[in-house]
Every structure is written in C-alpha cells, then in structure tokens.
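Down below is the structure, laid out as structure tokens.
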Amino acid sequence: MNYVSRYARRWLLNLLVAILVAVSLYPVVWLLLSSIKSPHEFTTRPIYALPEGFYWENYVRAWTTGRMGVYFKNSVLVTFPSILLVLILGVAAAFGIEILRWKFRNLVLLFFLGGIMIPVQIVLLPLFTIYYRIGLLDSYWGLILTYVAFALPLTVFLLAAYLKTLPREVLESAILDGASIYQVFFRVALPMVKSSLVTVTLVQFFFIWNDLLLSMTFISDTELRTVQTGLLSFVSQYGQIDWGPTFASTSLAVVPTLVIYLLLNKMVMKGLTAGAVKG
C-alpha cells in the first residue's frame, strides 16, 4: 500500500513537472515555429497551425531589411563591456567589504543595498539631463555607465554573500604562507567563487540584454539602437505588420539568452546554492 502511495505521488509530481515545462516552453516553441512560416500562412491558416515548411526568408529580411544585424552588434558592444566592468568592480568591492576588516565596511555594504531599492524611473530625468550636458546621449558609454551603476549594487550584495561562505582558515593559511592580499584575491578567493561569478554574470546579462527603458531613454540614433529598441522600430516600419520577419527578429533577440543559459545551467545551479550554507 505504501509502495502504491509513493508511486502515485511520484507520478503526480512528474506530471506536474511535465505540465510546468510544457507551459514554459510553449511560447518559445510557438515563436520559433511562427518565425519560419510563409506570409500566406498567417492569413489563411489558424495561428496555432504548424508551418508548412521552412521559410528562412523571414530571417534574411529581419537581419538585413529590419537591420537586426546592426541592432545585434550594438547590443553586444554595450552588454559585454558592461558585464565585464560590473564583475571587476563588483567582486573587488565584495572582497573588500566581506573579507577585509575595516571600520566602515558594514556602512558601505548598506550603501550598496540602498542602491538596489532605487527605482530606475526616478533617476531617468536627472540622468538624461546630466548626459545631455556632458554629451553622453546617443553613445555606447552613456548606456554602459548606466548599466554598470544599476547592476553594481545587486552584484556586490550577491558576491559578498558568496564570499562570506568561504572558509576563513583557507584565506588565513594563504596569508601565513606569505601570499599578499592580491594573491589571496586572485589565486584563492576568485577560483572558489567561480560558479557564483557565472551566476551573477547570467543575471546581469539578462538585465542588460533585455533592457528597453534605458536604451529608449538615452538612445535615439537609429544606428545605435540595441536589439530591444530595434524590435520596436522594426515592427513600426511596416505599415501592416509583416508577422514572419517580426517573429524572426524576436527569435534572434531571445535565442542568445536561451543558449547562454543552457550552456551555463550547471554552473548557475551550483552558484545559486553557494551562498545558502556557510562553509
């Protein structure tokens, strides 16, 4: 009887997981299938119908006529430098706050925590005014500095929590063996929080790559638009929306995040649990 009960619970759990996976994947699958439909399929067949074939012309038009190639390049040039700066500054600040011992380190950590609670909408107008006066509107650096400023508080908070789990004995042993503070940082601490760095990188990549509000506010030049703002202009440049290229351009914007997550999934799971238990 107990065996039947356990089997029934396991079967129900597997069914629930399968339903959740299907619900999560359905929009992505529907988007990808719609991106390879020919124009007449959107008017003559139901929206849920499978494509008759592979109409790759949608992707060609999205990349060339829709200028997704330009928008994609702009997103890459903004996203990866921003993430690099966030990681360099974030891990250095977290190490200084959590590992080193000095008088006002808790106050500095609270300062970063306060940055998490500031809504983006509140600072848009002041930032726009400042960028206008110093010439940072319609520039990559304007977006990069903004992304770094908004991503840094959460990055410092997460990495400080991860660094807190490191065994103090290991760090102290390295210092007793003659290692300098820089050697402890690069050769001991960083390798031990590698999975956590990957997790933080992925979180900030999603935030920056999918940003629409900041890029719309500080970028008006068509040649400098990122993927998300490019999608808006792509849809509006056709009088009647051409759904095939529109779905194709949306797929081009979504697929990189899915690919990166699938490649880094194991390290992300390990990083998410790294700060849960003190080592």
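Some observations on this one:
- Screening the candidates Leu262, Leu231, Leu252, Leu214 for the property of being within 21 Å of Ile83 (Cα to Cα), in the same structural domain as Trp141 (by TED's automatic domain parsing), surrounded by 12 or more Cβ atoms within 10 Å (Cβ to Cβ) and modelled with pLDDT under 90 yields one hit, Leu252.
- Any hit, the stretch 63-81, residues being loosely packed, with under 13 Cβ neighbours inside 10 Å and either in a loop (DSSP other than H, G, I, E, B) or touching a Ser or Thr at 6+ places or on another chain (Cβ under 7 Å) (or both): yes
- The residues of the stretch 33-77 that are under 11 Å from Leu252 (Cβ atoms) and at pLDDT 85 or above, listed by number, are Ser35, Asn58, Tyr59, Ala62, Trp63, Met68, Gly69, Tyr71, Phe72, Ser75.
- Residue in the stretch 3-25 that is outside any helix (DSSP H, G or I) and either assigned by TED's automatic domain parsing to the domain that holds Pro191 or surrounded by fewer than 17 Cβ atoms within 10 Å (Cβ to Cβ) (or both) present: no
- Restricted to the stretch 142-221, the set of helices (runs of 4 or more DSSP H) holding at least 1 residues that are aromatic (Phe, Trp, Tyr) comprises 194-209, 213-218.
- The stretch 28-62, residues that are among the charged types (D, E, K, R) and assigned to a helix (DSSP H, G or I): Glu41, Glu57, Arg61
- Of all the residues in the stretch 23-76, those that are of a type outside the set (Phe, Trp, Tyr) and either farther than 30 Å from Ile219 by Cβ or in contact with a His (Cβ under 8 Å, 6 or more places away or on another chain) (or both) number 21.
- Put simply, of Leu84, Leu107, Leu124, Leu154 the only residue that is closer than 20 Å to Ser196 by Cα, surrounded by fewer than 17 Cβ atoms within 10 Å (Cβ to Cβ) and modelled with pLDDT of 85 or more is Leu84.
- Candidate set: the stretch 171-196, residues that are of a type in the set (Gly, Ala, Ser) and free of Cβ contacts under 8 Å to residues at least 60 places away in the same chain; chosen: the one farthest from Ala94 (Cα to Cα): Gly178
- Entry remark, the stretch 92-128: residues being under 18 Å from Phe186 (Cα atoms) and part of a helix (DSSP H, G or I) number 7 in total.
The values are calculated or read from the model by the stated rules, or taken from the named source; none is laboratory data. What you see is a predicted model; the values in this text were computed from it and never measured. No Cβ is skipped: glycine too gets one built from the backbone with ideal geometry, and neighbour counts run over all protein chains shown.
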